[in-house]
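Data first, discussion second: the structure below is written as structure tokens.
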Amino acid sequence: MTTDRLGELTATGVAVWLDDLSRVRLSSGGLDQLRREKHVVGVTTNPTIFAKALSDADEYDWQLRDLAGRGVDVEESVRMLTTYDVRWACDVMRPSYDASGGVDGRVSIEVDPRLAHESQRTVAEARALWWLVDRPNLFIKIPATEAGLPAITATLAEGISVNVTLIFGLDRYSQVMEAFLTGLEQAKANGHDLSKIGSVASFFVSRVDSEVDARLEKIGSEQAKALRGKAAVANARLAYQRYAEIFSTDRWQVLADAGAHPQRPLWASTSTKNPDYRDVIYVEELIAAGTVNTMPEPVIHAYAEHGETHPDTVTGAYDDARAVFADLESVGVDLADVIATLEREGVEKFEASWGELLAGVRKSLAAAGQGTDHPSDAASGNAAAARAGGNA
């Protein structure tokens, strides 16, 4: 008999989400097939995903012609194109949302990453996207920058569900959970039904190994090289420990009694960047109840074919994870600098992808009949393109 490995993974309490979206995937029924056959119960998107989707598909042509005909500027066109796809995906995932009581079946859309250091504008963008998509199973993605933290709280306080993204370090993760708790407390005070508000905290995994491994290679000692491929899993396991501590407090219990769902850790960036590593390592080594693992489709299929599911590969490994951190420090890896670098580069990479998205849509609008952009749009688009070029 064929083993249902993804079903076994789901049974441990890990929610399988897809880290991808395109209109081709929607129109072909591919997303619904993954929901029905591969236990996929959620979808995450980001500017890079949308830039790729719009660059290699004809499915957007009719909408681009309409937008061009109406003279809609490029930035608003991007909102119209991306929210259309996300709204459609929300409808596809609605059965999972209903079956899980609103916990799963979620689809994420990210605020303009150029606003990552502007709290008030981030909140305004979150409201606009929430209104445009108009589906209860939407998540608004807000980056976990310093300016993002108050925006997370303010957005949740308005009853809007949030996926906090670009979390790399433990201290920032603790701040994210604090922002979540404060936001729910304010939402409760504002009269919102807490059972309708969802949140996940997207803790990035493989990028940590990529950055740390590069530093270990540069150090070059045998002791350093022996630590390659260990930092990311250790980091995520210690994040889960902090999650377990926060969501067992009296403060959380008050919110839970009012109907709130916990802010689940979501393991993001789970495809291996190093071909020497097992292709499902960031799934197998991070199995714990109440988590989400968002995977590109190749990782989903790889796990279905040869993934090994154990009941829990996290909670018994905290001491080992701390030992890895100590060993990294001992060979000269500055973990605080690693995290600061990854956060800065994470925002820059999404800004670059946003610039590519704007440039691609601008070109498509022109081809569809819009010869010139609105003056303010052209200026902002040129700035984004310059940033994209500088970050390539």
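So here's what we get for this one:
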read-out	value
Label-point separation in nm, Lys218 to Ala11, each point 7 Å along Cα→Cβ	4.6 nm
Tail beyond 36 Å, pair distance distribution of the chain (Cα, percent)	22 percent
Gyration tensor (alpha-carbon) shape descriptor, segment 226-346, a/c threshold 1.5	oblate
Proportion of all alpha-carbon pairs of segment 159-310 beyond 18 Å (%)	61 percent
Average accessible area per residue (Å²) across segment 319-360 - probe 1.4 Å, nucleic acids and ligands excluded	44 Å²
Carbon/sulfur fraction of accessible area - the chain, other protein chains in place, 1.4 Å, %	50 percent
Under the Karplus curve 6.51 cos²θ - 1.76 cosθ + 1.60, θ = phi - 60°, whole-Hz ³J(HN,Hα) for segment 206-221, x wherever Gly or Pro sits	4, 4, 5, 4, 4, 6, 5, 4, 4, 6, 5, 4, 5, 4, x, 6
For segment 1-146, the Rg and Dmax computed from alpha carbons only, in angstrom	16.4, 57
Residue-normalised accessible area of segment 106-242, given per residue in Å² at a 1.4 Å probe	34 Å²
Largest-first ordering by accessible area, 1.4 Å probe, given options Glu59, Glu351	Glu59, Glu351
DSSP-loop trypsin sites (Lys or Arg not before Pro) across segment 261-345, with at most 14 other Cβ within 10 angstrom	Lys273
Pair Asp61, Glu308: separation of 7 Å Cα→Cβ label points (nm)	4.9 nm
FRET E, pair Thr341, Arg70, Förster distance 25 Å, beta-carbon r, rounded to 0.05	0.05
Listed residues Val86, Val292, Val361, most fluctuating in the chain (Gaussian network, C-alpha, under 10 Å)	Val361
For the chain, built as a Gaussian network whose Cα springs stay under 10 Å, the top-fluctuating residue of Pro298, Pro113, Pro95	Pro298
Radius 12 Å from Cβ of Ile197, net charge of other residues (Lys, Arg +1; Asp, Glu -1)	0
Spatial separation of Cα centroids for segment 83-145 and segment 201-273, in angstrom	23 Å
Shape call, segment 61-190: gyration tensor on alpha carbons, a/c limit 1.5	oblate
Computed [θ] at 222 nm, helices only, for the chain once each DSSP H run of length n ≥ 4 contributes -39500 (n - 2.57)	-18500 deg cm²/dmol
For the chain, built as a Gaussian network whose Cα springs stay under 10 Å, the top-fluctuating residue of Ala51, Ala326, Ala239	Ala326
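The values are calculated or read from the model by the stated rules, or taken from the named source; none is laboratory data. The model shown is predicted, which means the values in this text are computed figures rather than measured ones. When we count neighbours, we look across all protein chains shown, and the Cβ atoms used for this are built from the backbone with ideal geometry, even at glycine. Ligands, DNA and RNA are stripped out before the accessible areas are found, and what is left, the full protein with its side chains, is counted by its heavy atoms. Shrake-Rupley method; radii C 1.70, N 1.55, O 1.52, S 1.80 Å.
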